[in-house]
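Here is the structure we will look at.
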Amino acid sequence: MALRITLVGSTGWVGKALVAAIAASDDLELVSAVSRGAAGRDAGEAAGLSRLGVAISGTLDEALAAPSDVVIDYTKPGAVKAHALTALARGRSVVIGTSGLSAEDYAEIDRVALGVERGVLAAGNFSITATLLRRFALEAARYVPDVEVIDYASAKKPDTPSGTARELAELLSEMRLPATSKPVDELAGVRETRGGALGARQPVQVHSLRMPSFVLSCEAVFGADNERLVIRHDAGSSAAPYVAGTLLAARRVCSFVGLKRGLDAVMD
């Protein structure tokens, strides 16, 4: 039996590519879709495909009237938390591809998911190479204590930092050694130029650039005595890198309970 998918954000950049990929899949079925601006249209036609016989709903509540197994969300930071909690309350597992949630948001989603015995897989970036950036950076942090993250995105990206950078910094903070750089609260001048600190245990400084020509890039910069290591991921203009990872997440998210963060949590 095919895994039944509700796709929220079906007319977005990644959403359209996911509609096509799900339609071409043998083990996945798009049963409902959400896009406030395209409500009433056929999901296939709205994505530039032939008709799929799936009418787009204006809200997630409406879409969940159709039985489904997994909700995939690619919408906006201000909406995704409420969508995740609604989906869990209605008995669905959830894949979150939208960035911008805080550690506190994820903690609440985890508590609810555990309570209803459903799975949630969230990633700031579902591409395989971005996942490898995170894996290699976490390995480097075991040996090099000084690390900062630089986050690049387009001038119109609404959240800062990106989900990729936020997730990376929070994970690095849990395992890195204490930094040797002077603490920010001891600096003179404009302290804000040192970026924002993310993470609970050993906070990591994150610097966000927003300007034309970037899609999404993320650097983990490690510094040691007389040497430096930079691990960087650059995204192109196509949504294709995110599709395979998102569908892998959808196929695995029903196999566990609670929240997992990052595609590598299910890759192996």
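Nothing in this text is a laboratory measurement; each read-out follows from the coordinates by a stated rule. The structure displayed is predicted, hence computed values, not measured ones. Here the Cβ is made from the backbone with ideal geometry for all residues, glycine too, and neighbour counts use every protein chain on show.
Please quote Rg/Rh for the chain to two decimal places, taking the Kirkwood radius as Rh and restricting both calculations to Cα atoms. Write out the running numbers ahead of the final one.
Values: Rg = 19.3 Å, Rh = 19.2 Å.
Using only Cα positions, Rg/Rh for the chain is 1.00.
Among residues other than LEU138 whose Cβ falls under 13 Å from its Cβ, what is the net charge (Lys/Arg +1, Asp/Glu -1)? Walk me through the intermediate numbers first.
Details: positive: ARG134, ARG135, ARG142, ARG176, ARG261; negative: GLU139, GLU167, GLU170, GLU174, ASP264.
Charge balance in the 13 Å sphere: 0.
Take the Cβ-Cβ distance between ALA244 and ALA188 as r, set R0 to 41 Å, and report the resulting FRET efficiency rounded to the nearest 0.05.
Numbers: r = 48 Å, r/R0 = 1.18.
The formula returns an efficiency of 0.25 here.
Indicate, rounded to the nearest 5 percent, the antiparallel portion of the DSSP beta bridges found entirely in the chain.
On the way: 21 of 49 bridges.
In the chain, approximately 45 percent of DSSP beta bridges are antiparallel ones.
For the range 27-118, which GluC sites (Glu not before Pro) are both in a DSSP coil and crowded by at most 14 other Cβ atoms within 10 Å?
Details: sites: GLU29, GLU45, GLU62, GLU104, GLU108, GLU117; in loops: GLU117.
Counting only loop positions with at most 14 other Cβ atoms within 10 Å, the GluC sites (Glu not before Pro) in the range 27-118 are GLU117.
Connecting C-alpha atoms closer than 10 Å in a GNM of the chain, tell me which of PRO145, PRO161, PRO212 has the biggest fluctuation.
Largest GNM mean-square fluctuation: PRO212.
Looking at the range 119-206, which chymotrypsin sites (Phe, Trp or Tyr not before Pro) are DSSP coil and have at most 14 other C-beta atoms within 10 Å of their C-beta? Before the final figure, lay out the partial values.
Numbers: sites: PHE126, PHE136, TYR143, TYR152; in loops: PHE126, TYR143.
Loop-located and lightly packed - TYR143.
Restricting to Cα pairs below 8 Å that are 6+ residues apart, what does the relative contact order work out to for the chain? Please round to a whole percent. Intermediate results must be reported in sequence, preceding the final value.
Numbers: 587 pairs, mean separation 52.8, N = 268.
That works out to 20 percent.
Once you keep just the Cα pairs under 8 angstrom separated by 6 or more residues, what percentage relative contact order results for the range 128-235?
On the way: 207 pairs, mean separation 41.6, N = 108.
Relative contact order, the range 128-235: 39 percent.
Let me have the 222 nm mean residue ellipticity of the chain computed from DSSP H runs of 4+ only, each contributing -39500 (n - 2.57), with the sum over all residues rounded to the nearest 500. Write out the running numbers ahead of the final one.
Values: 9 runs with 90 residues, N = 268.
So the calculated ellipticity at 222 nm is -10000 deg cm²/dmol.
Which of the trypsin sites (Lys or Arg not before Pro) found in the range 160-212 are loop residues per DSSP with 12 or fewer other Cβ atoms within 10 Å of their Cβ?
On the way: sites: ARG166, ARG176, ARG191, ARG194, ARG201, ARG210; in loops: ARG176, ARG201.
Sites meeting the loop and neighbour criteria: ARG201.
Mean shadow of the range 128-235, computed from the convex hull of its alpha carbons, in nm²?
Values: hull surface 28.6 nm².
Over all viewing directions, the range 128-235 projects a mean Cα-hull area of 7.2 nm².
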